[in-house]
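Notes for the one structure printed next.
The values are calculated or read from the model by the stated rules, or taken from the named source; none is laboratory data. The model shown is predicted, which means the values in this text are computed figures rather than measured ones. Every residue, glycine as well, gets a Cβ built from its backbone with ideal geometry; the counts of neighbours run over all protein chains shown. Surface accessibility is based on the protein's heavy atoms, side chains included, excluding ligands, DNA and RNA. Shrake-Rupley method; radii C 1.70, N 1.55, O 1.52, S 1.80 Å.
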Amino acid sequence: MLVSLATYNEVENLRELVLAIREHVPHAHVLVVDDASPDGTAKVAEELMRELSGIFLIQRSGKLGLGTAIISAMKYAIEHGYDYHVNMDADGSHPPRFLPALVAGMDRVDVMIGSRYIEGGGVEGEFGLKRKFMSAGINLYARTLLGLSTRDNSGSFRCYRVSKLKLLDFAWIRSKGYSFQEEILFWCRVVGCTFAETPIIFENRWGGKSKLVASEAVKALEIMAGLGIDRALGRLPRKAKGVG
């Protein structure tokens, strides 16, 4: 199993998070995909690589977007023959204690989502009204336009079956930023993935500053609208129409 962490200026969180991941899933490999963080995040990853086995680092040339970072991790998981690929935020807001339940669900589905919005899930700490509105709106759009039945489509704490990721053509994906989270579920659905959710508590980041901005929510709505229209009109890529 590969756990990926897309990082940009997470020097305050990375070491503690990697150690916590190893505490809860001791045999997992961890891949850090760093977008040239100026705060030295990559140096912490390199230190961890020297101290622990199964820690890997992809250093990118700049801040290229969360979506493209996760795609890099997915391709890495495919190329290196992992069974499962787990993605989680690198700021501590996805507590590693929920990893065992997330992975346990993979015996019955292809994509397991760590969900804030089912019974037992929730949000602790500061989660402002504007952010709640953004999250609720995006999830409603995702269910309506993309045909998704899952409740938490905007969170990134997920486990994917890598054999299903192999069916994706990553050139289909339009989003480079946070809207990737909804879009990848749409394409996973297109290739026949099954889904389930397990409750998590989303917590405040451990340190550093959030990178989420309102413009990302607007972009997510635009991309979902386009995908929804293409879905309704049967304008999906020809290869996608014949899969699943």
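Side notes on the structure shown:
- Residue in the range 72-87 that is among the polar types (S, T, N, Q), under 22 Å from W206 (Cβ atoms) and in contact (Cβ under 8 Å) with a residue 12 or more places away in the chain present: yes
- Complete set of residues in the range 138-175 that are modelled with pLDDT under 85 and either in contact with a helix residue (DSSP H, G or I) (Cβ under 7 Å, 6 or more places away or on another chain) or aliphatic (A, V, I, L, M) (or both): I138, L140, Y141, A142
- Residues satisfying the stated conditions in the range 123-135, i.e. of a type in the set (A, V, I, L, M) and at pLDDT below 70: L129, M134
- Among the residues of the range 34-52, the ones that are closer than 19 Å to Y76 by Cβ and of a type in the set (D, E, K, R) come to 3 in all.
- Candidate set from the range 42-66 (those that are modelled with pLDDT of 95 or more and under 19 Å from the mean Cα position of the chain (by Cα)); member that is farthest from L17 (Cα to Cα): R60
- The range 1-33: number of residues that are part of a helix (DSSP H, G or I) and either open to solvent by less than 50 Å² (accessible area, probe 1.4 Å) or closer than 14 Å to A73 by Cβ (or both): 6
- Being open to solvent by less than 30 Å² (accessible area, probe 1.4 Å) and over 15 Å from G226 (Cα atoms) is a property that F180 lacks.
- Where E46 falls short, out of the listed (1) in contact (Cβ under 8 Å) with a residue 60 or more places away in the chain; (2) open to solvent by 60 Å² or more (accessible area, probe 1.4 Å): (1)
- Taken over the range 152-200, the criterion of being assigned to a helix (DSSP H, G or I) and either of a type in the set (S, T, Y) or within 12 Å of the chain's Cα centre (by Cα) (or both) is satisfied by S163, F180, Q181, E182, E183, I184, L185.
- For the range 204-224, the criterion of a residue being of a type in the set (A, V, I, L, M, F, W, C), closer than 18 Å to S72 by Cβ and buried (at least 20 other Cβ atoms within 10 Å of the Cβ) is satisfied by no position.
- Residues of the range 196-227 satisfying the condition of being at pLDDT 85 or above, within 19 Å of D89 (Cα to Cα) and β-branched (V, I, T): T198, I200, I201
- Yes/no for S72 being buried (at least 22 other Cβ atoms within 10 Å of the Cβ), over 14 Å from R15 (Cβ atoms) and of a type in the set (S, T, Y): no
- Filter pass, S72 being of a type in the set (S, T, Y) and within 14 Å of the chain's Cα centre (by Cα): yes
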